[in-house]
Every structure is written in structure tokens, then in C-alpha cells.
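Asker: So that we are looking at the same thing, I have put the structure below in C-alpha cells.
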Amino acid sequence: MPVHTISLAELGEALKTASEGSERIHEWCKELERGGILYFPETPVPIPHQDLGFLLSVQQSGSRMHKNIAYKPDRDLLSGADRGSAGTAELKQMHGTMRRYSAAVDAFLGRFLEPYARRWQLDYASFRPIEEEGRNLPLRRRNDLLHTDAFPTRPTRGRRILRFFHNIHPTRTRDWVVGEPFGRVVGRFAPNKLPIPRPDGVVKGAGKLAARAIGLGMLMPQLKRTPYDEFMMQMHNAMKEDSEFQLGCAREKVQFAPGSSWMVYTETVPHAVLAGKFALEQTFLVDAKAMVLPESAPLKILEAMAGTRLV
Ligand code: SIN
Ligand code: FE
């Protein structure tokens, strides 16, 4: 069972009792790193009443701020909100709400994930106000197909993608499907179908596209994909394009209750969202060296397969 449920009472105990609690938290980190989901039926990061009311009113009020809205904490920047039709006051309120949410999740995980000692980069937060069921997106952008996460324009260079979610819908569950973790499924793709790019930039058998992507990365250092990032991007695409995998792999349905939160390494755990509306999410890029189980990181698994370093 990939889901580990943590009640607020258990969480409170773990945060309170020094050595016993820290043992508990180490165990939870291990579950997470191996590809489990830590599930809080009642969120440990409640949103201020006013912010919640505002977020839930975004579509009801006829506002056109209806795309995924992103908040970039490093630059205190809001994007994705429709500036044409949303009023200045509405944009300002959205900005403040996202800023508070991002800071609250960061503060909580700073305490909860004590073994990592904040060896992470606070990445984007997002608000997802759109109904997930029946969304009409191009195949590689579909979130209802199982995939491991990789960011096309933000290579992580081996860092792990930890995501903290909150289903803020007052009555509906957010419905996911999750598959077996990276280490169990990577063999279906690599190295036969999906060659692992080499660190010298010579992409053995990976075709022109990958070679070009790596070449391009060298011209634009800020976007540079390491061989690891290149592989993870291709794995994301290959999973979505593999209909046999989509239909036949071991998987489980998970329903996240209204008002719940959960966290998962999404570059490790294949996941898909089938239905749900109104979720908040904060991403962390966690240093692979901070892991309680360093060998569980996809970087380590891939490097062992390739017999060479990939970042
Ligand atoms: C995803 O990361 O693929 C989507 C998850 C969600 O929005 O619930
Ligand atoms: Fe995803």
C-alpha cells in the first residue's frame, strides 16, 4: 500500500517528543523516498478562512483567472492569472493568498522534514482551479495519464521533486492513480527502449532529438539539462505514450478527501489525476544527498544502471 496516513494527533506527537518523534519522522521520510505517499486526512497547513473563500470563488464569480496559477517565491511573482479580465484587486488578493500559502508550507516542512535540514530549493506553488475530468490537452501535457514528473525548462540536476498538495474543494475528493516507483518501472523503458544519455554529451543511440536538446543546453547554461534531466524528460514522455503501460501496469486508485493534504516524490512515483477541482500545491527540489535513503533517488538508480555519473 503506497499511502501512509498520518493523523494530526500522530503528527503532533512526533513533533513534540524529541528522540522518539525524530525516529518516527525518519521512518516517514523513508516511506516517502521509497515511493510512498504521506497522507494527512486533515491538512496540517490550514488556509486562512478568507483566503479559502477567495480561492473557491475564483470561477463562481465569473472571473477568468481560470488557468493553473503559479507563484514563484524566489521572485515573489504571480503568473498564469488572466490580467485582461481579472481586476487589480483580485490579482492582488491572489498574489497575497499564494504568497501566504507558499510560506506556510515551507514553514511546516522546515519543521516536519527535519532530517533534510532545509537542503532544498523552494520551487513554484500552484493553484489548480480547473476540473480535471475530461480536460482536453495534448498527450504530453495530459495529467490523467500515468507519468513521473520532469520539467522541460527547469532541469533539477538530480534533485528530487517533492510536492505538497491540498484538496481545498469543500465536498469532492481528488482522484489519483499511482503506479510502482521509478526503481520498479524504469527497466521497462531503459536501456533498451530509452537509452541513458552519456555524460560526455555523446548520446548513444538516443537519436537526434536528444542530442540536439543537450547541445542546446550547452548554449544556454541556465537551461542546461544534464544527462539525468534528459533521461527523466524522455521517461515522462515515454510513459504517457506507452498505452500498454497505461493499461497494464500495477496501479492503485487513491482518493484524497476534501480538506486533506498529501506529499509525494513525483519524479519517483508514476501518478495521474482523474478527477477533482481546486487544489493547491507547493514544489520543493530536494538535494539527493539529503535523503535518509540516498540509494532510493532516481539519480542513484540510473547511475547504477549506466555505470557512470549523470550530473
Ligand atoms: C500532476 O502532477 O500530474 C497533477 C496532480 C494534480 O494536480 O493533482
Ligand atoms: Fe505530474
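The values are calculated or read from the model by the stated rules, or taken from the named source; none is laboratory data. None of these values were measured; they are calculated from a predicted model. With ideal geometry, Cβ positions are generated from the backbone for all residues, glycine too; neighbour counts draw on all protein chains shown. To get the accessible areas, we keep the full protein, side chains included, count just its heavy atoms, and leave off ligands, DNA and RNA. Shrake-Rupley method; radii C 1.70, N 1.55, O 1.52, S 1.80 Å.
Asker: List, largest first, the extents of the alpha carbons of segment 37-170 along their principal axes, each in whole Å.
Answerer: Cα extents, longest axis first: 44, 36, 32 Å.
Asker: So if each residue of separation counts as 0.36 nm, and I subtract the Cα-Cα distance between Lys193 and Arg111, what length gain in nm does that give?
Answerer: Here the answer is 25.3 nm.
Asker: Additional query: Is there a pair in Lys92/Lys224; Lys224/Lys289; Lys253/Lys289; Lys30/Lys224; Lys30/Lys240 whose C-alpha atoms are over 23 Å apart, and which pairs would that be? Please list the in-between numbers first.
Answerer: Values: Lys92/Lys224 34 Å; Lys224/Lys289 21 Å; Lys253/Lys289 31 Å; Lys30/Lys224 30 Å; Lys30/Lys240 28 Å.
Pairs exceeding 23 Å: Lys92/Lys224; Lys253/Lys289; Lys30/Lys224; Lys30/Lys240.
Asker: Same structure again: Would you tell me the accessible area of Arg118, worked out with a 1.4 angstrom probe on the heavy atoms of the protein chains, in Å² to the nearest 10?
Answerer: About 110 Å², rounded to the nearest 10.
Asker: Hey, can you find the accessible area per residue of the chain for me, probe 1.4 Å, expressed in square angstrom?
Answerer: 46
Asker: Give me the three principal axis extents of segment 132-182 from the C-alpha atoms, as integers in angstrom, largest value leading.
Answerer: Over segment 132-182, Cα extents along the principal axes are 39, 25, 23 Å.
Asker: Here's something else I'd like to know. Pick out, in residue order, every one of the GluC sites (Glu not before Pro) in segment 7-60 that is DSSP loop and has at most 15 other C-beta atoms within 10 Å; say none if there are none.
Answerer: Taking segment 7-60 and a limit of 15 other Cβ atoms within 10 Å, the loop GluC sites (Glu not before Pro) found are Glu42.
Asker: Next up: Given 20 Å bins starting at zero, what is the percent of C-alpha pairs of the chain in each, up to the one with the largest pair distance?
Answerer: Pair shares across the bins are 32, 59, 10.
Asker: Could you go through segment 14-25 in sequence order and give the Karplus-derived ³J(HN,Hα) for each residue, using 6.51 cos²θ - 1.76 cosθ + 1.60 with θ = phi - 60°, rounded to whole Hz, and x for Gly and Pro?
Answerer: Ordered by residue, 3J(HN,Hα) equals 5, 6, 8, 8, 3, 6, 5, x, 5, 4, 4, 5 Hz.
Asker: Related question: Return the carbon/sulfur percentage of the accessible area of the chain, one whole number, probe 1.4 Å, all protein chains in place. Kindly include the intermediate steps, with their values, before the conclusion.
Answerer: Details: 7620 of 14400 Å².
Of the solvent-accessible surface of the chain, carbon and sulfur hold 53 percent.
Asker: Give me the percent relative contact order of the chain, please, defined on Cα pairs under 8 angstrom at least 6 residues apart.
Answerer: Here the relative contact order equals 29 percent.
Asker: In addition: Counting only residues 5 or more places away or on other chains, whose amide H sits under 5 Å from the amide H of Val254 once H atoms are built in the peptide plane?
Answerer: Residues meeting the criterion, in which the H sits 1.01 Å from N, are Trp176, Val177, Val178.
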